[in-house]
Structures are given as structure tokens and as C-alpha cells.
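Asks: First, the structure itself, so that you have it in front of you.
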Amino acid sequence: MDIFGNMDQVVWITGGSQGIGRALVQEYRRKGWTVIATSRQEKGPHENGADLAHYWIQADLSQAEARKEA
């Protein structure tokens, strides 16, 4: 099963600035998905000078109020 098979999808990835989250942002973006990413980092991840995620939300999702705002 190819989880990246449907190309007209939107995905929201938490923890998108590093580690597994960043790798997921890169892979979904490479496969043509629209990527929304969140992280506690002020700026989203970049690769070769370009934003990796289409949309970036700075939020600490461990905090209830931040989850509501996101």
C-alpha cells in the first residue's frame, strides 16, 4: 500500500521542523501533497533556500490554548 498515492490531498504534520516530522514534510512535499506543518520553532524548515511546508504554523501543541489557535 502506497500511503502517498493520492496526490490531491492535504496533510498536517506536527513537529515538522526536525527529525521524523521534517522527513515526513519532505516526503509528502516531494509526492505533490499540500503540506501544513506545525512546530514550536519560530520559522519553518528550509531546503535549498525554499520553505519545505506550504503553510507553517508556530504552535506548542502541548498547550491547550495553542491547539485552539492552530
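Asks: Scan segment 10-30 residue by residue and report those that are open to solvent by less than 80 Å² (accessible area, probe 1.4 Å), modelled with pLDDT under 90 and charged (D, E, K, R).
Replies: Arg22 - this is the single residue of segment 10-30 that is open to solvent by less than 80 Å² (accessible area, probe 1.4 Å), modelled with pLDDT under 90 and charged (D, E, K, R).
Asks: Still on this structure, please answer the following. Between a residue in segment 2-16 that is among the hydrophobic types (A, V, I, L, M, F, W, C) and any residue that is at pLDDT below 85 and surrounded by fewer than 13 Cβ atoms within 10 Å (Cβ to Cβ), which pairs come within a Cβ distance under 7 Å, given they are 6 or more apart or on different chains?
Replies: none
The values are calculated or read from the model by the stated rules, or taken from the named source; none is laboratory data. Note that the structure is a prediction, hence the values are computed from the model and not measured. Counting neighbours? That spans all protein chains shown, and the Cβs are built from the backbone with ideal geometry, glycine included. What goes into the accessible areas is simple: the full protein's heavy atoms, side chains included, and nothing from ligands, DNA or RNA. Shrake-Rupley method; radii C 1.70, N 1.55, O 1.52, S 1.80 Å.
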